Amino acid sequence: MSLRPTLDFLLYHWLDAPSLSQRARFADHSRETFDAVLDTCERIAREKYAPFNRVVDTQEPHFDGEKVILPQATHDAHKAFVESGMMSAAQGYDIGGMQLPYTVQAAANSFFAMASVSIGSNMLTSGNANLLLVHGTEMQKDVFAKNEFSGRWAGTMCLSEPQAGSSLSDVATRAVPDEAPSVAADGAVPWDQDPLGPRYRLTGNKMWISSGDHELTENIVHIVLAKIPDENGKLVPGTRGISLFIVPKKMVDTEGRLTGERNDVALAGLNHKLGWRGTTNTLLNFGEGKYPVAGQAGAVGYLVGQPGKGLHCMFHMMNEARIGVGMAATMLGMAGY
Ligand SMILES: Cc1cc2nc3c(=O)[nH]c(=O)nc-3n(C[C@H](O)[C@H](O)[C@H](O)COP(=O)(O)OP(=O)(O)OC[C@H]3O[C@@H](n4cnc5c(N)ncnc54)[C@H](O)[C@@H]3O)c2cc1C
């Protein structure tokens, strides 16, 4: 079944998407530009996604003890997606986007989900970067969000733990101020003056993390929920104790360059799934000391927003992910139909 007539009906006959171009932000757009985006995504999905749907299901990701191995098709599909500009399609021109209405971006992305639902996890990368655009500092946007939108780095969302799924108030990952000045992204400054954000050391385990490790990109930006202990060293009960941190897989400087040092985030193992098998799903150990930073165990994380407001910030990404997951499930149904 072809998806295009359904999208045309929804976008043009039901939603009247071209009327959005009356708004200043979308003034350069029209049905012609929307059609061009849909044509491009339909073609990439046909050439780089659909033929490999079975491959990514039968050749599950595996861990060789050092790296996660994915089929070449996944690398090729990721490259084609990034080169199409779809990672930042809805973003402003100032950060390399197309200022495409979100509605059209979501419609265009549905071609990929229908062709092969699990070959990519770009939704996590753009959702992670969008969260930082809203809640991050200017430096966090420049260093992390922009490198995600360009496709150079990928993103994750790290909420769940082995004992905390729906019940996020049970999160037990701890974040304590990092007193080691040599870790600073821009010289030896105290932990609370690090240009990338107040710097903490995280310890804990995150379970079910999608795209938590792979070699598709140069770096992975984990967005992690953790609790800052109170003055007695106790974790604040409930969700109001939760804060949010950027924890890069590899350490970076203020120009977005890799420093050459690994952060203390270790892949404990891959989870195997019945479906959606093309995307890795991981158990990540933060701060266990496998990759000490500046000689110390503890994953380096930079605070996003205010302490104790982490869940509020995280929901920016969660809400976007809900739309993406719902859309993907619908497209899987369309593909089956
Ligand atoms: C494929 C996949 C990818 C995932 N990717 C990520 C990811 O990238 N990042 C991440 O952080 N997490 C991820 N998760 C984890 C996901 O967010 C959790 O599975 C989810 O939050 C549910 O938690 P749980 O599995 O522990 O189930 P539980 O919380 O144990 O729930 C089990 C059942 O109990 C019900 N239940 C729970 N609490 C209540 C209640 N108070 N009242 C009534 N019923 C209740 C639930 O509805 C459910 O039916 C992923 C999971 C899967 C399967």
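No value in this document is a laboratory result; all are computed from the given coordinates. Since we're looking at a predicted model, the values are computed, not measured. FYI the Cβ positions are ideal-geometry reconstructions off the backbone, even for glycines, and counts take in every protein chain you see.
Observations
- Angle of helix 310-336 to the longest C-alpha principal axis of the chain, folded into 0 to 90 degrees and rounded to 10: 40°.
- If you wrap the Cα atoms of region 1-156 in a convex hull and average its projected area over all directions, you get 10.3 nm².
- Rg(Cα) / (2.2 N^0.38 Å) computed for the chain, rounded to two decimals: 1.01
- Kirkwood hydrodynamic radius of region 151-316, Cα pairs, Å: 15.9 Å
- Working ranking of peptides 98-106, 230-238 by packing, defined as the average number of other Cβ atoms within 10 Å per residue, highest first, is 98-106, 230-238.
- DSSP-loop trypsin sites (Lys or Arg not before Pro) across region 6-79, with at most 12 other Cβ within 10 angstrom: Arg23, Lys67
- Estimated D of region 247-330 in µm² per second, where Rh is the Kirkwood radius over Cα pairs and Stokes-Einstein applies at 4 °C, 1.567 mPa s: 83 µm²/s
- Pairs of Lys residues in region 151-316 that lie 8 or more places apart, or on two chains, and have C-alpha atoms under 29 angstrom apart add up to 21.
- Stokes-Einstein diffusion coefficient of region 51-119, Kirkwood radius over Cα pairs, 20 °C, 1.002 mPa s, in µm²/s: 157 µm²/s
- Sparse packing (at most 14 other Cβ atoms within 10 Å of the Cβ) combined with a DSSP loop state is found for the following GluC sites (Glu not before Pro) in region 233-298: Glu255.
- Angle in degrees between helix 72-84 and the longest Cα principal axis of the chain, rounded to the nearest 10: 80 degrees
- Spatially, region 290-312 and region 213-277 are offset by 7 Å when compared through their Cα centroids.
- In region 151-316, a dipole from Cβ-located charges (positive for Lys and Arg, negative for Asp and Glu) runs towards its positive end, and of Gly275, Ile220, Gly165 it is Gly275 whose Cα lies farthest in that direction.
- Region 16-30 - phi-based ³J(HN,Hα) in whole Hz, Karplus 6.51/-1.76/1.60, Gly and Pro as x: 6, 4, x, 5, 4, 5, 6, 7, 4, 4, 10, 4, 7, 9, 7
- The relative contact order of the chain, computed from alpha carbon pairs under 8 Å that lie at least 6 residues apart in sequence, is 18 percent.
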